[in-house]
Structure formats: structure tokens, C-alpha cells
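Before any comments, here is the structure.
The values are calculated or read from the model by the stated rules, or taken from the named source; none is laboratory data. Please read all numbers here as calculations on a predicted model, not as lab measurements. Positions of Cβ are generated from backbone atoms using ideal geometry, with glycine treated the same way; all protein chains shown enter the neighbour counts.
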Amino acid sequence: MARIGEFVATDNGYKGQVRTMEMRFDVQLVRIADAKAEGPHYQAVSANGADIGAAWDRKSQSGGEPYLRVNLDDPSMPRKIQANLVNEAEGKMGLMWQRPNRQVSRDREDALENEASR
């Protein structure tokens, strides 16, 4: 997994920056006050106030450690970012990304195309 961002907790969520070879932008994850159990639990907002995604509270299967599943997307981005925001030392959180499995991605695309053609 690659670390593509660093965040810190705020009164109503988290704030931080995403950094890749091609992009660098500030993000706030603002807790949704009346979020349903299945979420999303946070709204992702850019520095200029644009809604660029969402995040969900999750727990790891091996140990129950809390983390956030983060989805970021915007027309200016080449593709959406799906990553996990995990606790690190000294109150910082790292945004961890891993390239999706190509076969899984193709299977999802095929399923979406089949659904859209119905």
C-alpha cells in the first residue's frame, strides 16, 4: 500500500492533504450529523468547498481497529481514489491506497454495463 495523504482530527471530522505524482489537494472529511448506519458518515470537501466524495466508518477484520473507507472523485481527476484512512503514531492518520485488482475492476465494469443495458 502507498501512503498518499496525511490527515489530523478536527472537531467535526478530519482535515489533510492528498499527494500523488500528479495531484496535490487539501481535503476535509466533515461528519454527517444524521448519517444512517450504512453511511456515508463523512462528506469529503475540497479547499474551495466542492463536494468531492465521502467516507465510511469501518473496523478491520483482524483486530477491530477503526478506520475510514474514503472515496474521492471529481471531474478534474483522471479516476476516482478509493483508499483507507488509518491511525498512525502521534495523532496523525495516513491515507493508504492500493491499486485495484484488474480482474475485479473488469468484472465490475462488465456488471455495470450489463445493468445499464437492461
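Out of all the residues in segment 3-37, which are more than 19 Å from LYS80 (Cβ to Cβ), outside any loop (DSSP other than H, G, I, E, B) and of a type in the set (Lys, Arg)?
LYS15, ARG31
If only one of ALA35, ALA44 is surrounded by 15 or more Cβ atoms within 10 Å (Cβ to Cβ) and free of Cβ contacts under 8 Å to residues at least 12 places away in the same chain, which one is it?
Testing whether each residue is surrounded by 15 or more Cβ atoms within 10 Å (Cβ to Cβ) and free of Cβ contacts under 8 Å to residues at least 12 places away in the same chain leaves just ALA35.
Sort out which residues of segment 50-64 are surrounded by fewer than 14 Cβ atoms within 10 Å (Cβ to Cβ) and either of a type in the set (Ser, Thr, Tyr) or within 22 Å of ILE32 (Cβ to Cβ) (or both), and write them in order of number.
ALA50, ASP51, LYS59, SER60, SER62
Output yes when any residue across segment 66-85 is at pLDDT 85 or above and of a type in the set (Ser, Thr, Tyr), and no when none is.
Restricting attention to segment 66-85, the residues satisfying the condition of being at pLDDT 85 or above are 66-85.
Now narrow it down to the ones that are of a type in the set (Ser, Thr, Tyr): 67, 76.
Yes, the conditions are met somewhere in segment 66-85.
With ALA9, ALA55 as the choices, which residue is out of contact with any helix residue (DSSP H, G or I) (no Cβ under 6 Å at 6 or more places or on another chain) and more than 18 Å from TRP97 (Cα to Cα)?
Testing whether each residue is out of contact with any helix residue (DSSP H, G or I) (no Cβ under 6 Å at 6 or more places or on another chain) and more than 18 Å from TRP97 (Cα to Cα) leaves just ALA9.
Which members of segment 24-61 meet the condition of being among the acidic types (Asp, Glu) and within 18 Å of ARG3 (Cβ to Cβ)?
Of everything in segment 24-61, just one residue is among the acidic types (Asp, Glu) and within 18 Å of ARG3 (Cβ to Cβ), namely ASP26.
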